[in-house]
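The values are calculated or read from the model by the stated rules, or taken from the named source; none is laboratory data. Bear in mind that the values here come from a model prediction, so they are computed numbers and not experimental data. Please note: Cβ atoms are built from the backbone with ideal geometry, for glycine as well, and neighbour counts cover all protein chains shown.
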Amino acid sequence: MAGPKIKVVIAKPGLDGHDRGVKVIARALVEAGMEVVYLGLQQTPESIVQAAVEEDADVIGLSILSGAHLTHFKRVKELMDKAGLGDRLLTGGGIIPTKDQPKLKELGVGKVFGPGEDIQNIVEYIRETIQERRRTEHGF
Amino acid sequence: MKTANKKLWEEKFRKAELREADFSSISGRPLQPLYSWEDLTDFDPEAKLGIPGEFPFTRGVHPSMYRGRLWTMRQFAGMGTPQQTNERYKFLLEKGQTGLSVAFDNPTLYGRDSDHALAVGEVGKTGVAVDTLADMERLFRDIPLDRVSTSMTINAPAAWIFTMFLANAENHGIAFDKLRGTLQNDILKEYIAQKEWIFPPAPHLRLITDLMAFCADHVPQWNTISISGYHIREAGSTAAQELAFTLADGFTYVESAIRAGLDIEDFAPRLSFFFNAHLDFFEEIAKLRAARRIWARHMKEKYKAKSPRSWLCRVHAQTAGCSLTAQQPEINIIRTALEALAGVLGGCQSLHTNSMDEALALPSEKAVEIALRTQQIIAFESGAANVIDPLGGSYYLERLTQDLEDEAEKYFRRIAELGGMVGAIEQGFPQREITRAAYEYQMALSRKIKVLVGVNQFVNEDEKLEIPVLEIDESVERDQLENLSKIKQRRDNSAVRSSLESLKKTASGTGNLIPHLLECARVYATEGEISDALIKVFGEYREQPFY
């Protein structure tokens, strides 16, 4: 596969301790050959975007089972745009009602995944999105 | 020694063509195709089973079990504002529920006020927001607290949420010794699984022993702690890990209370347990039976408790939220029914059944009513409550019960090598064991080794959601913030300041903190103000992220 390793910053924003899913995903992405920086719990949109800048991440992934997905995704996206990371993929998962998904899409958030999603689909989605982006940017 | 018959069967089984399937338990436990008396040659029924209500309580904690009294049907509920939750409680009581159980929102669980920076977007979302005594007043309005038992799922700030509850009872003229209920108050499983902490372990353990001492004197009918495996299991542990880590947490509380100078006969009868009732039917029944046997043996033999009441592992069970699916949510009713039946056959004292919409949102009224009705069908129609420990003596079940006990003992030895549970937690041992088990299960689903109906097999393509889903309106957060700011203006702020000062002073010393926390609650100090005052003395806990 061409190009450097895909770098993913993953975090749990706010006061949400449900970290079973996020840790499974982090490990699955590593096994799939990506570089993962897991920031852990109680992160703020500011701390997440700052880490993404420092790490020059290709992807920011948020895990949210607290019902605060609209608040957090919106704020993280705003800060990403401000920090010049507007072209990076913002994705995530958790308990996110179907009816909120169009709103997230409108904000510029990529696909969000719910309970029962096959991990391989998540890995493939991230890989394909980043490879597509790299192809467009580098013209090959 | 095997009988000729067993040998004959083995012969026939070897020749049989088997399905392509995984025959291990949901925890990955290898299982034999058949169990018979040859599997129980080391099993002494007198010593291992005894009789119900007697040591080692394998068959149940009461001599009469469900013929004497059914389990308490206790649905965990909380959402939005205290008023909304109060309405839900009245609805549940009207439908025949026999106990209350409060679900708090994330900010409350972390000891933060609704106006804290990290609380944005989370107020009232996954439980009810409680900031001050005023919210507690609204939450329990018109509910007779001396006649209904109340369980509160709160841990890190348990002591001061409880003093708000006490202050409310006091204002209604209800004596503390009339109050019945349970405080979860189990901080160790927070570090292990649920991740809602404030301070490092030592000050949290002090608050727990302070509360045990206070309740022994003033609130004698209150269960001061509900030692919880539920969240450990939800975080992805196996059944054996849930059993072992929960009981090891329990031993740690016992040791910490003994060190603090408490008499074991005073506090041990008020310890209670909370286990998951997961999908693997027999493994779950065996787990609850093993829990009772292990706990009784350790309390009697290791900790030398004399009163049989100090040996009892009384259990609240909840069906497994993590087993429920967002896909085809109606079929979750069936999963929950099987899990609840396992809880009952395992001899639980109270039970929560999850609603079919668990993986989507907080339960709608319709969903929670069906969940409660599921318990009522088991209690009144199925016949499961007619006979005590009806599966006792089953070759398979007794083998499983013993195997789980042995596995738990192996974990206890490992934890002891790591310096006890606090040391093990600080070294990340239980956390890593659980994380590994969770990953392995997820991979087994991904590879279709394990089946989840509607998710990796029997999938309905393009399915449409056909059940109502509860939404928490964004106005909840606004209302809660408004109420909080009104209270801050209306209360006697100098009384708040001085009560927080005296709390800090006691925290720096060794006195019991509960009377000071009660004083803070009475003058409407907020949950977050109390947390902040104590953080100044105790510091904050941080977890090193890992996966």
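When residues of the range B:88-143 are filtered for being in a helix (DSSP H, G or I), among the acidic types (Asp, Glu) and at pLDDT 95 or above, how many remain? Show your work before the answer.
Here is the first cut: in the range B:88-143, the ones in a helix (DSSP H, G or I) are B:88-94, B:106-109, B:117-119, B:133-139.
Keeping just the survivors that are among the acidic types (Asp, Glu) gives B:94, B:135, B:137.
This time we only want the ones that are at pLDDT 95 or above, so: B:135, B:137.
Selection size over the range B:88-143: 2.
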If a residue has to be within 20 Å of residue B:344 (Cα to Cα), over 23 Å from the mean Cα position of the chain (by Cα) and not hydrophobic (A, V, I, L, M, F, W, C) to count, how many in the range B:378-429 make the cut? 13
When every residue in the range A:24-49 that is within 7 Å of another protein chain (Cβ to nearest Cβ) and under 13 Å from the mean Cα position of the chain (by Cα) is compared, the one nearest to residue A:125 (Cα to Cα) is A:26
Only one of (1) within 21 Å of the chain's Cα centre (by Cα); (2) of a type in the set (Phe, Trp, Tyr); (3) surrounded by fewer than 24 Cβ atoms within 10 Å (Cβ to Cβ) does not apply to residue B:91, and that is (1)
Quick check on the range A:1-23: of everything there that is touching an Asp or Glu at 6+ places or on another chain (Cβ under 9 Å) and of a type in the set (A, V, I, L, M), which residue is nearest to the other protein chains (Cβ to nearest Cβ)? A:15
Candidate set: the range B:450-475, residues that are of a type in the set (A, V, I, L, M, F, W, C), away from every other protein chain (no Cβ under 12 Å) and over 25 Å from residue B:369 (Cβ atoms); chosen: the one farthest from the chain's Cα centre (by Cα): B:458
If you go through the range B:507-529, how many residues are buried (at least 18 other Cβ atoms within 10 Å of the Cβ) and of a type in the set (S, T, N, Q)? 1
Quick check, is residue B:355 buried (at least 24 other Cβ atoms within 10 Å of the Cβ) and either without any contact (Cβ under 8 Å) to a residue 24 or more places away in the chain or within 14 Å of chain A (Cβ to nearest Cβ) (or both)? yes
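Return a yes/no flag: does the range B:214-227 have any residue that is over 18 Å from the mean Cα position of the chain (by Cα), farther than 17 Å from residue B:318 by Cα, in contact (Cβ under 8 Å) with a residue 60 or more places away in the chain and more than 14 Å from chain A (Cβ to nearest Cβ).
Taking the range B:214-227 as the starting set, the residues that turn out to be over 18 Å from the mean Cα position of the chain (by Cα) are B:214-221.
Next, from what is left, pick out any that are farther than 17 Å from residue B:318 by Cα: B:214-221.
Filter once more, so that each one left must be in contact (Cβ under 8 Å) with a residue 60 or more places away in the chain: B:214.
Okay, now just the ones that are also more than 14 Å from chain A (Cβ to nearest Cβ), so B:214.
Yes, there is a match, as at least one residue in the range B:214-227 is over 18 Å from the mean Cα position of the chain (by Cα), farther than 17 Å from residue B:318 by Cα, in contact (Cβ under 8 Å) with a residue 60 or more places away in the chain and more than 14 Å from chain A (Cβ to nearest Cβ).
Touching a residue at least 24 places away in the same chain (Cβ under 8 Å) and surrounded by fewer than 19 Cβ atoms within 10 Å (Cβ to Cβ), is that true of residue B:304?
Yes; evaluated as a whole, the condition is true for this residue.
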Within the range B:106-119, take every residue that is at the interface with another protein chain (Cβ under 9 Å from one of its Cβ atoms) and touching a residue at least 12 places away in the same chain (Cβ under 8 Å) and give me the one that is surrounded by the most Cβ atoms within 10 Å (Cβ to Cβ). B:107
For the structure I just gave you, tell me whether residue B:205 is surrounded by fewer than 23 Cβ atoms within 10 Å (Cβ to Cβ), within 11 Å of chain A (Cβ to nearest Cβ), over 16 Å from the mean Cα position of the chain (by Cα) and not in a loop (DSSP other than H, G, I, E, B). no
Checked pairs for the range A:28-50, first of a type in the set (A, V, I, L, M), second in a strand (DSSP E or B), C-beta under 6 Å and 6 or more apart or across chains, list as A:29/A:8; A:29/A:36; A:30/A:36; A:34/A:8; A:36/A:8; A:37/A:9; A:39/A:11; A:48/A:11
So is residue A:75 within 19 Å of residue A:3 (Cα to Cα), touching a residue at least 12 places away in the same chain (Cβ under 8 Å) and either facing chain B (nearest Cβ under 10 Å) or basic (Lys, Arg) (or both) or not? no
Selected residue [of a type in the set (Lys, Arg), surrounded by fewer than 16 Cβ atoms within 10 Å (Cβ to Cβ), within 12 Å of chain A (Cβ to nearest Cβ) and over 30 Å from the mean Cα position of the chain (by Cα)] from B:447, B:497, B:478: B:447
